[in-house]
Structure formats: structure tokens, C-alpha cells
Amino acid sequence: MQKTILNQTHRDLGARMVPFGGWEMPIHYGSQIEEHHAVRNDAGLFDVCHMTVVDIRGEQAKPFLRHLLANDVARLTQPGKALYSCMLRDDGGVIDDLITYFMDEQWYRMVVNAATTEKDLAWLEEQAASFGVEIRPRRDLGMIAAQGPNAREKTVPLLPESLRAKAEALIPFQAATDGEWFVARTGYTGEDGFEIMLPDDAVVPFWNALVEAGVRPCGLGARDTLRLEAGMNLYGSDMDESVTPLESGLAWTVDLRDAGRGFVGRQALEAQQEQGNLRHFTGLVLEGKGVLRNHQKLFDGEHEVGEITSGGFSPTLGRAIALARISPDAGDDLMVEIRGRRLPVRLVKPPFVRHGKACIEA
């Protein structure tokens, strides 16, 4: 079991530690609900050192990434701008979902998921062979996320002086660097904030400074309820190598506008589009009491029409919500099977909550 550089710090703060993607990570520090509300109403702090930063360098970096990703990095023209995309197999299955930052014409930075790091790196190396670019995992960097409506104002004064003005000026989905530290206005909570990549030896002092400034440590439990409320996909639950972005609510991340861009998986996606009859990816709200969980079956009358991919309790809304994949012929009046009972669910368009506000009707 791998441990991040903050492992002992979490223990000192009373965290309950659990295995996650091959890493030992904090699930909560006492109250998952309070941590969730801290991010929605103030500021919360997450250890994301288990995720892997990868630098891609070389004259062919842009052509390589235009080949590798379903979204098109050619859209990135301003230094620091970020792009969310899926990295696909030839058959359109999702190898991983990730964020790529354009720093200059010969340098892009990518952040990949912890549980998929090794297969991602192997795939990157294989695909890069004909482009002559350098794939460099930055094992020397840690990563911390400060999220919430007050996260930026509490974080900026604690950054190196060389980065404060740059960080203050960032717009959403943009990053800045001073050569060592890297600050991005991105996140996985549906709230404003920063993801900060920094040298390993600076991680613990910076974390402690943020805690002293009133940014509340939060575990994986709150991270999951926050991203679910925000309608953000989780790799391994909402999509994986067995499904394409077109059936995972991620068609918006597939850029087909340049007919000459032959990215990996394009032919499979175009064939799937032409065939039609795609499964829908939707949000659900449980009508009444109960808990929605991953893999619960959904029914239209007596006909099974799909299943929940991510489900849980929404602390902000005070009710059970879920993401689900359903048959194209499914109606609007669906039932979920929970412990042998079938209960009605309402179909809604995610997100459920964004920037602290409900996005669906009660």
C-alpha cells in the first residue's frame, strides 16, 4: 500500500485511513458531512498527492496530444489553459479521464488518476514512440486541492510571492507557474478553488499553513459526495474501458470538428454515432426515503433498463441522488430496486449542485 507524503499528517489530525487505488488515504477526519459543508460554504483541503503529474515535452507535443486525446488540445492557445478529455482505446473505451494544461508549444502538463497511473504511463509511452516526445512522470511533485467559496482568498497569501499575483489573476481552467510551484484554478467539487502542484518537501508545511488559515482538511468521503452533487464522473464507476464517452455523459469532451484529426478511438466513436440507439447518461433523484448505491438496477415497468453508476446521499439537498446509464427506449417513470423493493426515481439533468446552490427542483 503506497502512502502520500501527508500520511502521518493525516494520522496526527485523527483521520480514518482506508485503501484507495493502491494508496492509503483519509476517508474523513471525524465528520464527512461537516467536511462536505465546509467546502460548499467556506473552504476545504484535499490531499491529491496520489494522483500523477506527467510532463510531455518536445517539438511534436501538440501533434502527439491531438492524436492521443478525444478532445482537441489545438483549442488551447493561451499559456496555462486547461482541457478536460478522455484518453481512449481504439474501440472507444475510456482508458482514463484527465486534465491537460498547455504551457507552451513544447510543454504540456497532464494529471492522471491514481488507480490508472501505471496503465496510463504504459499507454502514453507506446503512443509517443512515433512522435519523439518525452513522457516524464513528476514523482518529485505533490498535489493539494483547496476548494470552496473562500478557498482562493485563504490560499493566495500562503503561496510563494512569485506566484501570488499570477494566482490572483487566474480564470477558471487556467494555471500559472513560477518554475517550481504550479497553481491551477481547477477542482473536482463544483466549487471554486485551486489545485496546487509543488515540490515534495514543501507539501507538509504548505498543508499545515492552510489548516492554520482555516481551510478544513477533508477526506475521500466528502470528495465523492461533492463531485457527485456536481455531476462529475468518477473513473471506474461512471466510465471505464468497457464504455465510450458517448454513453457516459461525456460527448461534450469529444471534438470531431477537424475531419483530418485521426485521434485514437475516433473511428469507433463515429461508427457508434452512426449506428445510434445509444444508452443515455442521466441524473436521478430518489422520490422518498432510501439510499441510492452503485449497481442498483433500474426498471421501466417490469423491463430492466439500466443501472446506477454512482449513487449516494446529497448533504446539500438532503436526499439520495445518483448518476445512471439507461436504455434509449427507457421512459420517464422509472423505479430503482433497493433490497427487493422498487421505489420511484425522478430523472434530472446533472449537476445537482454547483457553487453551493441547488440546480434541480426540490
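The values are calculated or read from the model by the stated rules, or taken from the named source; none is laboratory data. Owing to the predicted nature of the structure, the values given are computational and were not obtained by experimental measurement. Note: ideal-geometry Cβ built from the backbone for every residue, glycine included; neighbour counts use all protein chains shown.
Between Phe281, Phe299, Phe263, Phe313, which is touching a Gly at 6+ places or on another chain (Cβ under 6 Å), more than 20 Å from Ala115 (Cβ to Cβ) and either in contact (Cβ under 8 Å) with a residue 60 or more places away in the chain or aromatic (Phe, Trp, Tyr) (or both)? Going through Phe281, Phe299, Phe263, Phe313 in turn, just one is touching a Gly at 6+ places or on another chain (Cβ under 6 Å), more than 20 Å from Ala115 (Cβ to Cβ) and either in contact (Cβ under 8 Å) with a residue 60 or more places away in the chain or aromatic (Phe, Trp, Tyr) (or both): Phe281.
Of all residues in segment 217-243, those satisfying the criterion of being within 14 Å of Ser31 (Cα to Cα) and touching an Asp or Glu at 6+ places or on another chain (Cβ under 6 Å) are Cys218, Ala222.
Please indicate, with yes or no, whether at least one residue in segment 16-23 is surrounded by 14 or more Cβ atoms within 10 Å (Cβ to Cβ), part of a strand (DSSP E or B) and within 18 Å of the chain's Cα centre (by Cα). Yes - at least one qualifying residue is present in segment 16-23. Candidates Glu34, Glu59: the one that is farther than 26 Å from Ser314 by Cβ and not β-branched (Val, Ile, Thr) is Glu59. The set of residues from segment 8-26 being without any contact (Cβ under 8 Å) to a residue 40 or more places away in the chain and touching a Phe, Trp or Tyr at 6+ places or on another chain (Cβ under 9 Å) comprises just one member, Gly14. Strands (runs of 3 or more DSSP E) fully within segment 72-178 that include at least 1 residues being among the basic types (Lys, Arg): 107-112, 134-137.
Could you list, in sequence order, the residues of segment 340-362 that are of a type in the set (Lys, Arg) and either surrounded by fewer than 12 Cβ atoms within 10 Å (Cβ to Cβ) or touching a Ser or Thr at 6+ places or on another chain (Cβ under 9 Å) (or both)? Of everything in segment 340-362, those that are of a type in the set (Lys, Arg) and either surrounded by fewer than 12 Cβ atoms within 10 Å (Cβ to Cβ) or touching a Ser or Thr at 6+ places or on another chain (Cβ under 9 Å) (or both) turn out to be Arg341, Lys349, Lys357. Within segment 267-294, restricting attention to residues that are of a type in the set (A, V, I, L, M) and in contact with a strand residue (DSSP E or B) (Cβ under 9 Å, 6 or more places away or on another chain), the residue that is farthest from Asp329 (Cα to Cα) is Val291. Restricting attention to segment 292-303 and to residues that are more than 23 Å from the chain's Cα centre (by Cα) and closer than 22 Å to Gly236 by Cα, the residue that is surrounded by the most Cβ atoms within 10 Å (Cβ to Cβ) turns out to be Leu298. Do we have Gln2 as without any contact (Cβ under 8 Å) to a residue 60 or more places away in the chain, surrounded by fewer than 16 Cβ atoms within 10 Å (Cβ to Cβ), in contact with a strand residue (DSSP E or B) (Cβ under 8 Å, 6 or more places away or on another chain) and over 21 Å from Gly193 (Cα atoms) here? The answer is yes for Gln2. Screening Ala209 with (1) part of a strand (DSSP E or B); (2) surrounded by fewer than 19 Cβ atoms within 10 Å (Cβ to Cβ) gives one miss only, at (1). Ile33 satisfies every condition listed in (1) part of a helix (DSSP H, G or I); (2) in contact with a Gly (Cβ under 7 Å, 6 or more places away or on another chain) except (2). For segment 119-135, the condition of being loosely packed, with under 15 Cβ neighbours inside 10 Å, closer than 30 Å to Pro205 by Cβ and outside the structural domain of Phe182 (by TED's automatic domain parsing) holds for none of the residues.
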